[in-house]
Amino acid sequence: MIGIVTLTIFLHSFLSVELLRIQGTWDTGQQFFHFITKFGFQKTLLQNQLETQGYVFGNISSDGHGSKTYTFALLDRGYFLGYYGNSSLIDRNKACQTMFYKIDSIAYDSTCNDEGKEDFLRKVPCPVSEVCVDEDQPNNVIPGSQLTFAVQDLIQPRFV
Ligand SMILES: *[C@@H]1O[C@H](CO)[C@@H](O)[C@H](O)[C@H]1NC(C)=O
Ligand SMILES: *[C@@H]1O[C@H](CO)[C@@H](O)[C@H](O)[C@H]1NC(C)=O
(Lines give C-alpha, C1' and ligand atoms only; values in the text may rest on other atoms or scores of the structure.)
(Ligands and ions follow the chains in the order given, each with its own letter.)
Protein backbone atom coordinates (compact mmCIF):
# COMPACT_ATOMS: atom_id res chain seq x y z
CA MET A 1 0.00 0.00 0.00
CA ILE A 2 1.20 3.48 -0.72
CA GLY A 3 0.11 6.12 1.77
CA ILE A 4 -0.26 9.67 0.61
CA VAL A 5 0.73 12.22 3.18
CA THR A 6 -0.05 15.91 3.05
CA LEU A 7 0.70 17.68 6.27
CA THR A 8 0.99 21.30 7.11
CA ILE A 9 2.77 22.27 10.28
CA PHE A 10 2.10 25.69 11.50
CA LEU A 11 3.54 28.07 14.05
CA HIS A 12 1.64 31.24 14.54
CA SER A 13 2.79 34.37 16.30
CA PHE A 14 1.59 37.93 16.16
CA LEU A 15 4.15 39.14 13.69
CA SER A 16 4.91 36.12 11.65
CA VAL A 17 3.82 32.65 10.80
CA GLU A 18 6.26 29.92 10.04
CA LEU A 19 5.14 26.78 8.42
CA LEU A 20 6.36 23.62 6.88
CA ARG A 21 4.35 21.85 4.22
CA ILE A 22 5.09 18.26 3.42
CA GLN A 23 3.68 16.22 0.61
CA GLY A 24 4.82 12.73 -0.24
CA THR A 25 4.15 9.06 -0.40
CA TRP A 26 5.18 6.25 1.88
CA ASP A 27 5.53 2.80 0.43
CA THR A 28 4.60 0.64 3.38
CA GLY A 29 5.80 -2.45 1.55
CA GLN A 30 9.36 -1.11 1.74
CA GLN A 31 9.48 0.32 5.25
CA PHE A 32 7.40 -0.48 8.32
CA PHE A 33 8.38 2.82 9.94
CA HIS A 34 8.78 6.17 8.24
CA PHE A 35 10.09 9.30 9.89
CA ILE A 36 8.51 12.43 8.41
CA THR A 37 9.99 15.52 10.01
CA LYS A 38 10.62 17.55 13.15
CA PHE A 39 9.49 21.04 14.04
CA GLY A 40 9.62 23.44 16.98
CA PHE A 41 6.76 25.53 18.32
CA GLN A 42 6.98 28.66 20.43
CA LYS A 43 5.81 28.68 24.02
CA THR A 44 2.03 29.08 24.23
CA LEU A 45 0.76 32.24 25.92
CA LEU A 46 -2.16 31.57 28.22
CA GLN A 47 -3.92 34.83 27.33
CA ASN A 48 -3.63 34.15 23.57
CA GLN A 49 -3.81 30.42 23.50
CA LEU A 50 -5.49 29.93 20.12
CA GLU A 51 -3.16 32.39 18.38
CA THR A 52 0.09 31.20 19.93
CA GLN A 53 -0.27 27.44 19.96
CA GLY A 54 0.91 25.40 16.99
CA TYR A 55 -1.13 23.35 14.58
CA VAL A 56 -0.37 20.22 12.63
CA PHE A 57 -3.06 19.46 10.10
CA GLY A 58 -3.53 17.78 6.78
CA ASN A 59 -4.55 14.61 5.06
CA ILE A 60 -3.17 11.11 5.10
CA SER A 61 -4.98 8.86 2.69
CA SER A 62 -4.20 5.83 0.59
CA ASP A 63 -4.35 4.80 -3.03
CA GLY A 64 -6.87 2.17 -2.03
CA HIS A 65 -4.65 -0.90 -2.25
CA GLY A 66 -4.66 -2.83 0.98
CA SER A 67 -6.71 -2.34 4.08
CA LYS A 68 -4.10 -2.29 6.84
CA THR A 69 -4.05 0.60 9.25
CA TYR A 70 -0.94 2.36 10.47
CA THR A 71 -0.23 4.81 13.25
CA PHE A 72 0.77 8.41 12.73
CA ALA A 73 2.57 9.60 15.87
CA LEU A 74 3.36 13.19 16.77
CA LEU A 75 5.80 13.00 19.66
CA ASP A 76 7.75 15.25 21.95
CA ARG A 77 11.46 14.75 22.04
CA GLY A 78 11.22 12.94 25.39
CA TYR A 79 8.99 10.28 23.88
CA PHE A 80 10.55 10.27 20.47
CA LEU A 81 14.02 9.07 21.46
CA GLY A 82 12.91 5.68 22.85
CA TYR A 83 10.37 5.30 20.06
CA TYR A 84 12.87 5.95 17.30
CA GLY A 85 15.69 4.09 19.06
CA ASN A 86 13.63 0.92 19.11
CA SER A 87 12.40 1.19 15.52
CA SER A 88 15.63 -0.39 14.30
CA LEU A 89 15.08 -3.70 16.14
CA ILE A 90 15.05 -6.47 13.55
CA ASP A 91 12.09 -8.29 15.12
CA ARG A 92 9.14 -6.09 14.15
CA ASN A 93 6.81 -7.31 16.88
CA LYS A 94 9.46 -6.55 19.47
CA ALA A 95 10.16 -3.20 17.81
CA CYS A 96 6.47 -2.21 17.90
CA GLN A 97 6.06 -3.32 21.50
CA THR A 98 9.00 -1.34 22.76
CA MET A 99 8.25 1.67 20.57
CA PHE A 100 4.77 1.98 22.03
CA TYR A 101 5.61 0.90 25.58
CA LYS A 102 6.01 4.39 26.99
CA ILE A 103 3.50 6.11 24.72
CA ASP A 104 0.63 3.70 25.29
CA SER A 105 0.27 4.67 28.94
CA ILE A 106 -0.11 8.36 28.16
CA ALA A 107 -1.65 8.65 24.69
CA TYR A 108 -5.36 9.22 24.50
CA ASP A 109 -7.37 6.67 22.57
CA SER A 110 -11.15 6.74 22.69
CA THR A 111 -11.43 2.95 22.81
CA CYS A 112 -8.18 1.78 24.42
CA ASN A 113 -7.12 4.53 26.78
CA ASP A 114 -9.62 7.24 27.56
CA GLU A 115 -7.52 8.26 30.58
CA GLY A 116 -4.65 9.19 28.28
CA LYS A 117 -3.67 12.83 28.64
CA GLU A 118 -1.74 13.39 25.44
CA ASP A 119 -3.07 13.63 21.91
CA PHE A 120 -0.26 11.87 20.06
CA LEU A 121 -1.72 9.32 17.67
CA ARG A 122 -3.96 8.92 14.63
CA LYS A 123 -4.88 5.75 12.79
CA VAL A 124 -4.09 6.19 9.11
CA PRO A 125 -4.89 6.17 6.25
CA CYS A 126 -8.02 8.20 6.96
CA PRO A 127 -11.20 7.41 5.03
CA VAL A 128 -11.31 9.25 1.70
CA SER A 129 -13.09 12.65 1.96
CA GLU A 130 -13.71 12.20 5.67
CA VAL A 131 -11.94 13.14 8.87
CA CYS A 132 -9.76 10.49 10.51
CA VAL A 133 -11.58 7.99 12.73
CA ASP A 134 -9.71 9.24 15.82
CA GLU A 135 -11.03 12.78 15.39
CA ASP A 136 -13.85 12.36 17.87
CA GLN A 137 -14.48 16.12 17.89
CA PRO A 138 -14.66 17.01 14.18
CA ASN A 139 -15.26 20.68 15.07
CA ASN A 140 -11.62 20.85 16.12
CA VAL A 141 -10.41 19.75 12.70
CA ILE A 142 -9.24 22.53 10.40
CA PRO A 143 -11.63 22.70 7.42
CA GLY A 144 -10.37 20.82 4.38
CA SER A 145 -8.20 18.52 6.52
CA GLN A 146 -8.61 15.04 7.85
CA LEU A 147 -6.63 15.50 11.03
CA THR A 148 -5.56 18.32 13.32
CA PHE A 149 -3.29 18.40 16.34
CA ALA A 150 -3.01 21.50 18.51
CA VAL A 151 0.46 21.74 20.05
CA GLN A 152 0.83 23.75 23.22
CA ASP A 153 3.15 24.17 26.14
CA LEU A 154 2.65 27.02 28.59
CA ILE A 155 6.13 26.66 30.10
CA GLN A 156 8.56 26.36 27.23
CA PRO A 157 8.75 25.90 23.46
CA ARG A 158 7.78 22.42 22.34
CA PHE A 159 9.68 20.29 19.86
CA VAL A 160 7.90 17.49 18.04
C1 LIG B 1 13.32 0.93 23.86
O2 LIG B 1 12.12 1.00 24.61
C3 LIG B 1 12.29 0.76 26.00
C4 LIG B 1 10.91 0.71 26.62
O5 LIG B 1 10.21 1.91 26.38
C6 LIG B 1 13.18 1.87 26.59
O7 LIG B 1 13.38 1.64 27.96
C8 LIG B 1 14.52 1.88 25.85
O9 LIG B 1 15.29 2.96 26.29
C10 LIG B 1 14.31 1.99 24.35
N11 LIG B 1 15.58 1.74 23.65
C12 LIG B 1 16.17 2.67 22.87
C13 LIG B 1 17.43 2.21 22.20
O14 LIG B 1 15.74 3.79 22.73
C1 LIG C 1 -8.44 16.45 2.59
O2 LIG C 1 -9.55 15.84 3.21
C3 LIG C 1 -10.74 16.60 3.20
C4 LIG C 1 -11.80 15.78 3.92
O5 LIG C 1 -11.77 15.99 5.29
C6 LIG C 1 -11.15 16.92 1.78
O7 LIG C 1 -12.28 17.76 1.81
C8 LIG C 1 -10.00 17.61 1.05
O9 LIG C 1 -10.33 17.77 -0.30
C10 LIG C 1 -8.74 16.76 1.14
N11 LIG C 1 -7.62 17.52 0.56
C12 LIG C 1 -6.73 16.96 -0.25
C13 LIG C 1 -5.64 17.86 -0.74
O14 LIG C 1 -6.79 15.78 -0.58
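The values are calculated or read from the model by the stated rules, or taken from the named source; none is laboratory data. For clarity, every value in this text was computed on a predicted model and none was experimentally measured. FYI the Cβ positions are ideal-geometry reconstructions off the backbone, even for glycines, and counts take in every protein chain you see.
Tabulated data for the structure shown
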item: Within segment 90-130, considering residues that are touching a strand residue (DSSP E or B) at 6+ places or on another chain (Cβ under 7 Å) and within 16 Å of ligand 2 (Cβ to nearest atom), the one farthest from residue 35 (Cα to Cα); result: 128
item: Residue 38 being outside any strand (DSSP E or B) and either within 16 Å of ligand 2 (Cβ to nearest atom) or more than 26 Å from residue 144 (Cβ to Cβ) (or both); result: no
item: Answer residue from segment 109-124, given it is within 23 Å of residue 19 (Cα to Cα) and part of a loop (DSSP other than H, G, I, E, B) and is farthest from ligand 1 (Cβ to nearest atom) among those; result: 119
item: Where a residue in segment 115-135 is within 12 Å of residue 59 (Cβ to Cβ) and its partner, wherever it lies, is within 16 Å of ligand 1 (Cβ to nearest atom) and assigned to a loop (DSSP other than H, G, I, E, B), with Cβ under 7 Å and at least six apart; result: none
item: Qualifying residue in segment 136-158 (condition: free of Cβ contacts under 8 Å to residues at least 24 places away in the same chain and either within 15 Å of ligand 1 (Cβ to nearest atom) or under 24 Å from residue 32 (Cβ atoms) (or both)); result: no
item: Candidate set from segment 53-79 (those that are assigned to a helix (DSSP H, G or I) and without any contact (Cβ under 8 Å) to a residue 60 or more places away in the chain); member that is nearest to residue 145 (Cα to Cα); result: 79
item: Any chance residue 147 is touching an Asp or Glu at 6+ places or on another chain (Cβ under 9 Å), at pLDDT 90 or above and aliphatic (A, V, I, L, M); result: yes
item: Residue match in segment 61-80 (condition: in contact with a His (Cβ under 8 Å, 6 or more places away or on another chain) and either within 16 Å of ligand 1 (Cβ to nearest atom) or modelled with pLDDT of 90 or more (or both)); result: no
item: Evaluation of residue 61 against (1) farther than 18 Å from residue 31 by Cα; (2) within 16 Å of ligand 2 (Cβ to nearest atom) (one fails), failing number; result: (1)
item: Selected residue [surrounded by 16 or more Cβ atoms within 10 Å (Cβ to Cβ), closer than 20 Å to residue 9 by Cα and touching a helix residue (DSSP H, G or I) at 6+ places or on another chain (Cβ under 6 Å)] from 151, 160, 124, 131; result: 131
